[in-house]
Amino acid sequence: MGIIYNAFLVFYYFAVWLFSSKNAKAKQWIEGRKTTHSYLSNFRDTNCLWFHASSLGEFEQISFLIETIKQKFPHEKILVTFFSPSGYEMKKNFPFADHILYLPFDFFSSIKPFIECIQPKMVFWVRYEFWLNTLEYVREKDIPLILLNGVFRNNISFLYKPYLKSCLRSFSEIAVINKSSQLNLDALGFCSTVIYDTRYSRMRQVALNPFEDKIIQHFVQTEKVVICGSIWANDDEILNTTIRHRNDIHWILAPHEVDDSRIAQLLSYYPHAQKYSQYEESKPTNILIIDCIGLLARLYRYADLAYVGGGFNKVVHSLVEPLAYSLPVIIGKNITKSEEAIDFIQLGFVRKITSDQEFQSALNALLANDNLSIRKEKEHYFEQRVDSIDKILNLTQRYISLE
């Protein structure tokens, strides 16, 4: 396993390095790891809590956990590492972490000095990105290692399975998000604890905290409001016809990417729309484009219905945010990589569509029904899952004392 894996690492790194001359993200990936090396020369906060997230999506699953630990235990030093530039660049100024770095690439020659330098007293790994050399060296140093929000499916490739099992042996504790993952992990020969996705705890706080936005409040007024969150160009093809013709609805469009080209693309579809950053109260419109990040989770409170994007791209995005407000939700067809989407469809919490005609039909049906019984079921489902932070803290204190 070790020889094949390390040969793969050489090929992987060389491919990224070769690609970096033409691709900005690949260049950030290379250059960012150089800054990690120089940063460590002045690193003094040993005995820290180390959290690793592959990218932005994984980090959002633990951001509230980190915030909670920092507020309850202010003397604890927090280190966060990212594998991907998209996570690091978006969160490099996260205020509840003392240090935010790129994870050194998984060459043993890079990982060993990194861990020797930071000397963490505990490590938290998020979701399902596993780097064998890093995990094995953490175990070798007898550092407690916890996997959070683990997801394990029953169709694991026979080629990947030996590698996965080698990685899983390094964990002191494995926390999975549902019973299905626990059963699949049992079949691999590993024990686990079901601790629901930490985003439920975060979204409970977001939903309960008072929030007012004068722009949004002026825009929505008393109209029916539909939020299309985390949408891609593929989602536009499904939404365009309905949005253009339903002037009785106020539409809030929050694209997954908010770069200039994506905003310009949406404005080309809807010339009379307004951008959030340049909103004018005197200019009437029923379409508002959110051209900044960090608002979407709070905006759902203003909606009567949500469309969550990604289902006509690779996979539908997180459904926990609209669930926090018990909204009726419509999603696209690509759900196989989303455990929550599969569960929510079975529970009747979301409506899956495959075409623009189905979107129109689902929109009409859901807006015409008060959905009171389903809303109450969603509230109950959500409330059963908001104690994950406390469970993780209890699990942590089996291994270390938080100060």
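What follows is calculated from the coordinates using simple rules that are stated; it is not laboratory data. No experiment lies behind these values; they were computed from the predicted model shown. Note that we place each Cβ from the backbone using ideal geometry, even for glycine, and neighbour counts take in every protein chain shown.
In a reduced charge model with +1 at each Lys and Arg Cβ and -1 at each Asp and Glu Cβ, the chain shows a dipole moment near 720 debye about its Cα centre. Put simply, the convex hull of the Cα atoms in the stretch 65-188 casts, on average, a shadow of 8.5 nm².
A quarter of the convex hull surface defined by the alpha-carbon atoms of the stretch 211-383 gives 9.5 nm² as the mean projection.
Think of it as helices only: each DSSP H run of n ≥ 4 in the chain is worth -39500 (n - 2.57), and spread over all residues that comes to -13500 deg cm²/dmol at 222 nm. Based on the Stokes-Einstein relation at 20 °C and a viscosity of 1.002 mPa s, and on the Kirkwood radius from alpha carbon pairs, the chain is assigned a translational diffusion coefficient of 94 µm²/s.
Determine the distance separating the Cα centre of the stretch 326-402 from the Cα centre of the stretch 169-204; give it in Å without decimals. Value for the Cα centre distance between the two parts: 18 Å.
Taking a span of 20 Å or more along the helix axis (Cα atoms) and a mean Kyte-Doolittle hydropathy of at least 1.6 as the rule, the DSSP H helices of the chain that qualify are 2-19. Under 5 Å from the amide H of Val176 lie the amide H atoms of Gly150, Thr193, Val194, Ile195, each residue being 5 or more positions distant or on a separate chain, with H modelled from the backbone and absent for Pro and chain starts. For the stretch 1-138, a simple Cβ point-charge model (Lys and Arg +1, Asp and Glu -1, everything else neutral) yields a dipole of about 260 debye relative to the Cα centre. Taking amide H as placed 1.01 Å from N in the peptide plane, Lys224 has its amide H under 5 Å from the amide H of His250, each at least 5 places away in sequence or on another chain. Under a model in which nothing but the beta-carbon of Lys, Arg (+1) and Asp, Glu (-1) is charged, the stretch 83-201 shows a dipole of about 240 debye around its Cα centre.
For the stretch 209-289, the fraction of C-alpha pairs farther apart than 14 angstrom is 62 percent. Residues in the stretch 283-299 carry Karplus couplings, in order, of 9, x, 6, 10, 10, 10, 9, 7, 10, 9, 9, x, 9, 3, 4, 8, 6 Hz; the curve used is 6.51 cos²θ - 1.76 cosθ + 1.60 with θ = phi - 60°, and Gly or Pro positions show x. Loop-located trypsin sites (Lys or Arg not before Pro) in the stretch 239-319 (DSSP state other than H, G, I, E, B) with a sparse environment of at most 15 neighbouring Cβ atoms within 10 Å: Lys314.
Residues Leu366, Leu239, Leu347, ranked from the fewest to the most other C-beta atoms within 10 Å, line up as Leu347, Leu366, Leu239. Taking Lys and Arg as +1 and Asp and Glu as -1, the other residues whose beta-carbon sits under 10 Å from that of Val194 total +2.
On full extension, the segment bounded by Glu358 and Asp248 gains 37.7 nm, given 0.36 nm per residue less the C-alpha separation.
A dipole drawn for the chain from +1 and -1 charges on Cβ atoms has a positive end, and of Leu40, Ile238, Val315 the residue lying farthest that way is Leu40.
Take 248-258, 123-133 and order them by the average number of nearby Cβ atoms within 10 Å per residue, most first; the result is 123-133, 248-258.
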